[in-house]
Amino acid sequence: MTVMSAHRRTPPRVQSGNFTDPGVCLRIPRTAFSLNGFREWVLSDEFPEKLRVTFVDGEIYLDISKEELQTHALVKAEITRVLMNLNREFKLGQLYLDGVLVSNKRARVSNNPDAVFMKWETLEEGRVHLVEGKKKQDQLMEIEGSPDWILEIMSDSSVRKDTKKLRSAYWRADILEYWLVDAREPHINFQILHWRKKGYVAATAKEGWQNSRIFQGDFRLVRESSRMGLWEYTLEMKNV
């Protein structure tokens with residue numbers, strides 16, 4: 001992961017073969033080191049597709065790494081599968097997968113989380129706005145405000161960002177529940193973090209079960225070895 005600071009005097013150029021074309025050179029405009037300028041840049045035609053990027057505390061994080069299959073992609077697929085089915089059954093709100101830009105002006109953060117959820121009441125009461133694109137106003141391109149829930153799955157390059165920078169920023173943004181998962185170690189570290197006045201507090205875990213107030217039930221993330229020694233994850237739920 002590449003980190004750029006707002007204190008740089010000249011716009012940095014990042015060269016990498018991990019974008020669409022080998023050797024492509026990404027120029028970060030000087031205006032991108034303000035929150036409004038960053039949002040405008042990310043939503044512009046100049047910004048590469050499928051590049052995960054974060055603005056937080058005046059820094060820009062460019063994540064040009066690929067998602068690890070066993071400890072990231074599979075985890076995200078299982079969690080979102082269960083929650084999307086739950087949301088469809090009970091019609092709780094709107095759930096979006098990664099690639100969606102989520103911004104909060106007060107918290108000075110703009111990011112592509114692994115997943116984000118907003119209750120219908122949150123949308124209807126205006127705590128969150130779906131922002132239209134400037135060129136195509138019939139297309140919704142960004143979530144602005146305070147969604148109810150966010151998911152981040154840690155990778156080797158995102159530990160500090162997910163556990164420090166974004167944890168603080170999401171709390172300042174009044175995001176009520178933050179699910180943080182680290183599946184890289186022999187035992188899964190699955191945390192449901194609840195918003196409190198002085199910061200996030202981890203839900204009490206009983207045999208791995210943790211309560212989600214947003215999804216109104218208890219959840220536990222487990223895994224077992226399947227065919228060919230590959231992991232199979234299960235997000236279990238009860239009292240829903």
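Data overview
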| quantity | calculated |
| --- | --- |
| Long pairs among LYS119/LYS164; LYS50/LYS198; LYS50/LYS206; LYS76/LYS164; LYS134/LYS197, criterion Cα-Cα beyond 28 Å | LYS50/LYS198; LYS50/LYS206; LYS134/LYS197 |
| Centroid-to-centroid separation of region 149-198 and region 88-113 [C-alpha atoms, Å] | 14 Å |
| Calculated [θ] (222 nm, deg cm²/dmol) that DSSP helices of n ≥ 4 give over the chain, each run adding -39,500 (n - 2.57) | -4500 deg cm²/dmol |
| Cleavage-rule hits, trypsin sites (Lys or Arg not before Pro), region 117-175, DSSP coil, Cβ neighbours within 10 Å at most 15 | ARG127, LYS134, LYS135, LYS136 |
| Computed over the chain: relative contact order in percent, which uses C-alpha pairs under 8 Å that are six or more apart | 13 percent |
| Solvent-accessible area, 1.4 Å probe, carbon plus sulfur percent, for the chain | 49 percent |
| Folded to 0 to 90 degrees: helix 74-90 orientation relative to the chain principal axis, Cα | 70 degrees |
| Of the GluC sites (Glu not before Pro) in region 34-64, those whose Cβ has at most 14 other Cβ within 10 Å and which sit in DSSP loop | GLU46, GLU49 |
| Mean accessible surface per residue for the chain, computed with a 1.4 Å probe while every protein chain stays in place, in Å² | 55 Å² |
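The values are calculated or read from the model by the stated rules, or taken from the named source; none is laboratory data. All values derive from a computational prediction rather than experimental measurement. Every residue, glycine as well, gets a Cβ built from its backbone with ideal geometry; the counts of neighbours run over all protein chains shown. What goes into the accessible areas is simple: the full protein's heavy atoms, side chains included, and nothing from ligands, DNA or RNA. Shrake-Rupley method; radii C 1.70, N 1.55, O 1.52, S 1.80 Å.
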